[in-house]
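The values are calculated or read from the model by the stated rules, or taken from the named source; none is laboratory data. What you are looking at is a predicted structure, and each value in this text was computed from that prediction instead of being measured. Methodologically, a virtual Cβ is constructed for each residue, glycine included, from the backbone with ideal geometry; neighbour enumeration extends over all protein chains shown. What goes into the accessible areas is simple: the full protein's heavy atoms, side chains included, and nothing from ligands, DNA or RNA. Shrake-Rupley method; radii C 1.70, N 1.55, O 1.52, S 1.80 Å.
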Amino acid sequence: PAFERRTIQIRREKWVTDEFELLEFLGRGKFGEVKKCKEKSTGRLLAAKFVSIVKEQEKKDVLNEIEIMKSLQHPRLIQLYDVFENKKQICLILEL
């Protein structure tokens, strides 16, 4: 695995840019966009998936995805590293 299993708590007191440097744009999909990022404290390269939250159901869907990802650990699945939330977006930090 790219990193050891972590206990993930949604972080609302900080935003992703407090702890990660955002790098180049990697792609865009139906639910948001993904950028490469680097953790400031370790230099570890990861992916930051930004999902815009407009409706309450969208937020529920993303939170459900987070709960599923927290419970899964397998070499063939992208691992969740951290999660940030503000009023307009949720940012999932993922294995690159």
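At-a-glance table
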{"item": "Whole-Hz couplings from phi, Karplus 6.51/-1.76/1.60, listed for the stretch 4-19; x for Gly and Pro", "result": "5, 4, 10, 7, 9, 10, 5, 9, 9, 7, 9, 10, 3, 5, 5, 10"}
{"item": "Cβ crowding within 10 Å averaged over residues, with 43-54, 63-74 ranked highest first", "result": "43-54, 63-74"}
{"item": "Largest-first ordering by accessible area, 1.4 Å probe, given options Thr17, Thr7, Thr42", "result": "Thr7, Thr42, Thr17"}
{"item": "Under 5 Å, built H, 5+ apart or other chain: amide partners of Ile53", "result": "Gln89, Ile90"}
{"item": "Residue-level accessible surface for Ile90, protein heavy atoms, 1.4 Å, Å²", "result": "0"}
{"item": "Non-local Lys pairs in the stretch 16-96, i.e. 8 or more apart or on different chains, that have alpha carbons under 17 Å apart", "result": "21"}
{"item": "For Leu94, net neighbour charge (Lys/Arg +1, Asp/Glu -1) across residues whose Cβ lies under 10 Å away", "result": "-1"}
{"item": "The chain, relative contact order [Cα under 8 Å, separation at least 6], %", "result": "31"}
{"item": "Accessible area in square angstrom per residue, the stretch 1-59, 1.4 angstrom probe", "result": "70"}
